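*Asks:* The following block contains the structure, expressed as structure tokens.
Read-outs: derived from the displayed coordinates by stated rules, not from any lab. Just so we're clear, the structure is a prediction, and the values are computed from it rather than from any experiment. Cβ sites come from the backbone with ideal geometry, for glycine too, and all protein chains shown count toward neighbours.
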Amino acid sequence: MHKLAAARSVDEARELVERGGGRELLDALRRRQVYAVLTVLLAEVARRLPSWDHGRRRELCEIVIGGELWAVRPPGADADPSDPPEEQRAANSAELHRWAVRPLLGGGDAPVGTVAELLSRLRTGPEPSARETFWQIVDGERPGLPDTVWLALFKEACGLPRSAPRPAAGPPERGGRGRP
């Protein structure tokens, strides 16, 4: 039944994409969505983005930042079969930053401080997808942030492991063959 509900939501998203305008797409992105629905909506937004005016692009940027790039499952949301693996979620989030946030940052028309705080939270978050999103955004080509902000974030992260430390293994067994 859960798969049926998710499939119906994806179908509804596809209908919205077919008949809805930019306003409806942005409104749908503001609501909590399962990942498969979010993917359908964002694919259509990306397709339409070249025709959107600056105001609509700025609104999209604000929604994406408010959604924290969808780098992690929303708090309190149950696992969903449409959730991608952590690596794919991170790659999708970093790509979303590249086309929805970075152009406005580079043009000086996005909240640099808010984006820097978001990246800092992602870097220190417990979810592997959050940390990997941070690295994919800051490690490589400029993420659109002013150099001083970008370098400060990067320097804070240097020396820290890219992924969370794994729990230590239990103490070695005593008296086993080949062990002291």
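*Asks:* Just need log10 I(q)/I(0) for the range 4-56 at q = 0.22, 0.25 Å⁻¹, Debye formula, equal scatterers on the alpha-carbon atoms, no solvent, rounded to two decimals.
*Replies:* Rounded to two decimals, the profile gives -0.77, -0.96.
*Asks:* Now for a different question. Which value in Å does the Kirkwood hydrodynamic radius of the range 54-147 take, with 1/r averaged over all unlike C-alpha pairs and then inverted? Please report the intermediate quantities before stating the final value.
*Replies:* On the way: mean 1/r = 0.0748 Å⁻¹.
One over the average 1/r among Cα pairs gives 13.4 Å for the range 54-147.
*Asks:* Remind me, relative contact order of the range 30-111 in percent, using alpha carbon pairs under 8 angstrom and six or more residues apart?
*Replies:* On the way: 42 pairs, mean separation 33.6, N = 82.
Result for the range 30-111 is 41 percent.
*Asks:* Beyond 23 Å, how much of the Cα-Cα pair distribution for the range 2-108 remains, as a whole percent? Before the final figure, lay out the partial values.
*Replies:* Values: 1407 of 5671 pairs.
Result for the distance tail: 25 percent.
*Asks:* Name the residue from TRP52, THR124, ALA91 whose Cα lies farthest towards the positive end of the charge dipole of the range 1-127, charges +1 on Cβ of Lys and Arg and -1 on Cβ of Asp and Glu.
*Replies:* Value: TRP52.
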